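Chemist: The structure under discussion is supplied below as structure tokens; questions concerning it will follow.
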Amino acid sequence: MKRRQFNRHLIDLAAATASVSLLSQCSGETPRKNARYDTASPRTGGQPIAIASTEGLLALSLTATSQTQTIAGKPLNLLAYNGQVPGPVLEVRTGDVVRLTLVNHLSSPTNLHYHGLHISPEVDDVFREVAAGERYTYEFQIPKTHPAVTGWYHPHYHLQVASQVFDGLAGPLIVRGALDDIPEIRQAAEALLVLKDFEPKLQGGSQNLSTLAKRWGREGRLLTANGQQNPMVKLPHNGLLRLRLINASASGVYQLRLPDHPWFLIATDRGAIAEPIELETLLLSPGERAELLIPGSREPGNYEIVSVPYDRGLSEMIESMGEAARQMPGIVLPKHATIATLQYQPSDRKAPLLLPQQLIPVEPLPEPEIHREFVLDHGIDRSAGSTGFTINGQSFVMGRVNTHVRLNQVEDWHIINRASMAHPFHLHTNRFQVIERNGQPEPFRAWKDTVAIGSYESVTLRIKFEDFAGQTVYHCHILDHEDQGMMGIVDIQT
Ligand SMILES: [Cu+2]
């Protein structure tokens, strides 16, 4: 077959529902209060508006609406919480009560997931439907023992997740706790970057989304941080900057570097690590978060945070399909991009602020009582009568429990990716530690709730199911994959 015919053949087939099997064959495989964030200059390094709890309560309404927002100079049809993309930063302390009314002014059902919080799945309930025109009040307490985390809130209504998040529904949710009380952290300036891509040809609905882009996971060409292209972030000379990063993209993976400047990891998804670790590259899959400390100890100037190309699979195949595939809205091949620029600010400090030696200990979990295997792939689930993405051969079916676990039990979950595409894995409600990756032990212990899993990789997670019984989910955080079935229900029984 001539190459041109072969390409044509691929495109025709990719446009049909049968593309799943094709892909596997061809690849082989309240009051507004702003405690810490600088909102004075939204156009120059703008931080999203923060709403902090007062006297132990964060009470507010979040209204989801469809509206036009200007992103990177382009008017886009987006979905916004309280008119903002990203949504407002919600800031609480451990022990606080959150009373949040979601008002749905969209034309489709929605709900909220509190990604990063250890709260009951009866509250953080992804099976709840808040219908168009309806409202629902979520009320819960952040446990007093909750770690300080950078979390985020976003819709999790099955089949609508990818399009609603891609259209802009997501906002940061910060819990302050023990990490915030460390003296050096207290003295650090703070900034937050919500990383999110946009695609003018796709925003405001999925009607232009090709089957290929949906299978791969939609991405946009406009890479933004806090809805801006390459915003400035202030770094105090001789001071410290605590930088929080959230990957709120529906599919895109960021492989971040800060050339010619040191930066130190201090926290992952579910809070602090034991001590700062100097990084070269920070990989952030959709849903993952990280906190960094950046010392203003270099020659004052501007330093760029860049994302270097990361292949989450199929890029070679899409490349081989030619221009037609590359022009499909939602298909963006790996590329180099500047995410934000650190800009030194003069300060009165004569001597540099030192990094803390210790953060918060990360105790190892006990040896597991149970081992389970989860195989990520794509194919046909006859029991569900569907073709899509699968976990252990099964696609998601509402109401079907896939995994039964016991409260307080420690388990090792071996996640095996048999696919040529990356499938970042997220567990709701409980945190975990990554024990091994491709048979090699992890270099340091950390609390996570989402883990990058590249094509054909495998990881072992150790989980203790703590505090809350009930049904919750685990899924691929490429949200198009989740909507196409790569999700399971875990029932935690007492
Ligand atoms: Cu996936």
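The values are calculated or read from the model by the stated rules, or taken from the named source; none is laboratory data. Remember, predicted model here, so these are calculated numbers, not experimental data. Methodologically, a virtual Cβ is constructed for each residue, glycine included, from the backbone with ideal geometry; neighbour enumeration extends over all protein chains shown.
Chemist: Anything in segment 426-485 that is aliphatic (A, V, I, L, M), within 14 Å of the ligand (Cβ to nearest atom) and not in a strand (DSSP E or B)? List them, or say none.
Modeler: Ala452, Ile453, Ile478, Leu479 - these are the residues of segment 426-485 that are aliphatic (A, V, I, L, M), within 14 Å of the ligand (Cβ to nearest atom) and not in a strand (DSSP E or B).
Chemist: Which condition does Ile416 not pass, out of (1) within 16 Å of the ligand (Cβ to nearest atom); (2) under 26 Å from Phe127 (Cα atoms); (3) modelled with pLDDT of 95 or more, if it passes all the others?
Modeler: The single condition Ile416 does not satisfy is (2).
Chemist: Can I ask one more? Which condition number in (1) in contact with a Ser or Thr (Cβ under 9 Å, 6 or more places away or on another chain); (2) within 26 Å of Thr224 (Cβ to Cβ) is the one that His118 fails?
Modeler: Evaluating His118 over (1) in contact with a Ser or Thr (Cβ under 9 Å, 6 or more places away or on another chain); (2) within 26 Å of Thr224 (Cβ to Cβ) leaves (2) as the failure.
Chemist: I would also like to ask the following. Any residue at all in segment 297-307 that's under 30 Å from Ala419 (Cα atoms) and either surrounded by fewer than 21 Cβ atoms within 10 Å (Cβ to Cβ) or not assigned by TED's automatic domain parsing to the domain that holds Val233 (or both)?
Modeler: Yes, segment 297-307 has at least one match.
Chemist: For segment 404-411, check the following and say yes or no: at least one residue is exposed (fewer than 15 other Cβ atoms within 10 Å of the Cβ) and over 16 Å from Glu367 (Cα atoms).
Modeler: Yes, because at least one residue in segment 404-411 is exposed (fewer than 15 other Cβ atoms within 10 Å of the Cβ) and over 16 Å from Glu367 (Cα atoms).
Chemist: Checking the condition away from the ligand (no atom under 12 Å from the Cβ) and either within 22 Å of the chain's Cα centre (by Cα) or more than 26 Å from Leu159 (Cβ to Cβ) (or both), which residue from Asn402, Asn408 passes?
Modeler: Only one candidate passes the filter, namely Asn408.
Chemist: Failed condition for His423, given (1) within 16 Å of the ligand (Cβ to nearest atom); (2) at pLDDT 95 or above; (3) part of a strand (DSSP E or B), with all others met?
Modeler: Only one criterion in (1) within 16 Å of the ligand (Cβ to nearest atom); (2) at pLDDT 95 or above; (3) part of a strand (DSSP E or B) is unmet by His423, namely (3).
Chemist: Does Val397 meet the test of being more than 16 Å from the ligand (Cβ to nearest atom) and surrounded by fewer than 19 Cβ atoms within 10 Å (Cβ to Cβ)? Spell out how you get there, then give the answer.
Modeler: Values: more than 16 Å from the ligand (Cβ to nearest atom): yes; surrounded by fewer than 19 Cβ atoms within 10 Å (Cβ to Cβ): yes.
So Val397 fits the description; yes.
Chemist: Being in a strand (DSSP E or B) and hydrophobic (A, V, I, L, M, F, W, C) is the requirement here; does Leu235 meet it?
Modeler: yes
This table checks each residue for (1) β-branched (Val, Ile, Thr); (2) closer than 24 Å to Ile142 by Cβ; (3) assigned by TED's automatic domain parsing to the domain that holds Asn247.
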{"position": "Trp413", "(1), (2), (3)": "no, no, no"}
{"position": "Thr429", "(1), (2), (3)": "yes, yes, no"}
{"position": "Phe432", "(1), (2), (3)": "no, yes, no"}
{"position": "Ala446", "(1), (2), (3)": "no, yes, no"}
{"position": "Val451", "(1), (2), (3)": "yes, yes, no"}
{"position": "Asp467", "(1), (2), (3)": "no, yes, no"}
{"position": "Tyr474", "(1), (2), (3)": "no, yes, no"}
{"position": "His481", "(1), (2), (3)": "no, no, no"}
{"position": "Gly485", "(1), (2), (3)": "no, no, no"}
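Chemist: Testing Ile339 on (1) among the aliphatic types (A, V, I, L, M); (2) within 30 Å of Lys234 (Cα to Cα); (3) not in a strand (DSSP E or B), one condition comes back false. Which one is that?
Modeler: (3)
Chemist: Going through segment 91-120 one residue at a time, which ones are over 24 Å from Gln203 (Cβ atoms) and aliphatic (A, V, I, L, M)? Break it down stepwise before answering.
Modeler: Step one: filter segment 91-120 for residues over 24 Å from Gln203 (Cβ atoms), giving 91-101, 114, 116-120.
The answer is Val92, Val97, Val98, Leu100, Leu117, Ile119.
Chemist: Taking the options Ala267, Ala325, name whichever one is out of contact with any Cys (no Cβ under 8 Å at 6 or more places or on another chain), small (Gly, Ala, Ser) and either under 24 Å from Asn417 (Cβ atoms) or not in a strand (DSSP E or B) (or both). Write out each step before concluding.
Modeler: Values: Ala267 fails: either under 24 Å from Asn417 (Cβ atoms) or not in a strand (DSSP E or B) (or both).
Testing whether each residue is out of contact with any Cys (no Cβ under 8 Å at 6 or more places or on another chain), small (Gly, Ala, Ser) and either under 24 Å from Asn417 (Cβ atoms) or not in a strand (DSSP E or B) (or both) leaves just Ala325.
Chemist: Looking at (1) of a type outside the set (Val, Ile, Thr); (2) within 26 Å of Gln343 (Cβ to Cβ); (3) surrounded by 21 or more Cβ atoms within 10 Å (Cβ to Cβ), find the lone condition where His154 falls short.
Modeler: (2)
Chemist: Among (1) within 22 Å of the chain's Cα centre (by Cα); (2) surrounded by fewer than 22 Cβ atoms within 10 Å (Cβ to Cβ); (3) more than 12 Å from Leu58 (Cβ to Cβ), where does His118 come up short?
Modeler: Condition (2) is where His118 drops out.
Chemist: For segment 361-382, check the following and say yes or no: at least one residue is in contact with a Pro (Cβ under 7 Å, 6 or more places away or on another chain) and not in a helix (DSSP H, G or I).
Modeler: Checking segment 361-382: not a single residue is in contact with a Pro (Cβ under 7 Å, 6 or more places away or on another chain) and not in a helix (DSSP H, G or I).
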